[in-house]
Amino acid sequence: MLLLRRSALSDSSFFYAAVNRRDRYHTVVRQVLENAYKGGWILVTTTFVVAETHALILARLGRDIAAKWLEGVWHGVHVIRPTEEDERRACEIIFGYTDKDFSFTDAISFAVMERLGITVALSLDEHFVQFGKFTVVPLQTEKLG
């Protein structure tokens, strides 16, 4: 799979803040999204993140908002189904970082990003910073360059 250099992987925390107007990061996240689309960035996520985000929105904001988000994510984001090798790599990451509590979904995201050469994560999750291999927007910077 070939993705352009200007690709960023979005995680659940980022998607949730984009949807929840009461989230403290909502305005910043919406601005990042606007800049990403204007700048021609390709937004990527995994099916694991889609499932996690849908469950989060469903639990916190209700069925209607969760269903609307689920319908829309397939139109504005390139959704990737992780490979078996991504899953093996995710386990290696979890077992290799014994001082971190990365979720399997986080580790899958790291593995997919490594495989595809994606260096920017759209996330509010400190685990992406702790992994240390990506630029994490907006935690490390509020702009996509």
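Search segment 91-123 for residues being among the charged types (D, E, K, R) and surrounded by fewer than 17 Cβ atoms within 10 Å (Cβ to Cβ), and hand back the single one that is farthest from residue 47 (Cα to Cα).
Result: 99.
Identify, please: which residue in segment 126-138 is among the hydrophobic types (A, V, I, L, M, F, W, C) and part of a helix (DSSP H, G or I) and is, among those, surrounded by the fewest Cβ atoms within 10 Å (Cβ to Cβ)?
Taking the candidates together, the pick is 129.
For the condition surrounded by 13 or more Cβ atoms within 10 Å (Cβ to Cβ) and of a type in the set (Gly, Ala, Ser), what is the one hit in 59, 67, 55?
After applying the criteria, what remains is 67.
Residue under question is residue 23, and the condition is that it be outside any helix (DSSP H, G or I), without any contact (Cβ under 8 Å) to a residue 60 or more places away in the chain and of a type outside the set (Lys, Arg); does it hold?
yes
Which ones in segment 68-125 are free of Cβ contacts under 8 Å to residues at least 24 places away in the same chain, farther than 26 Å from residue 28 by Cα and not in a loop (DSSP other than H, G, I, E, B)?
Answer for segment 68-125, where residues must be free of Cβ contacts under 8 Å to residues at least 24 places away in the same chain, farther than 26 Å from residue 28 by Cα and not in a loop (DSSP other than H, G, I, E, B): 84, 88, 90, 91, 92, 94, 95, 96.
Read-outs: derived from the displayed coordinates by stated rules, not from any lab. In this text, all values refer to a predicted model and were calculated from it rather than measured experimentally. Glycine also receives a Cβ, built like all others from the backbone with ideal geometry; neighbour counts cover every protein chain displayed.
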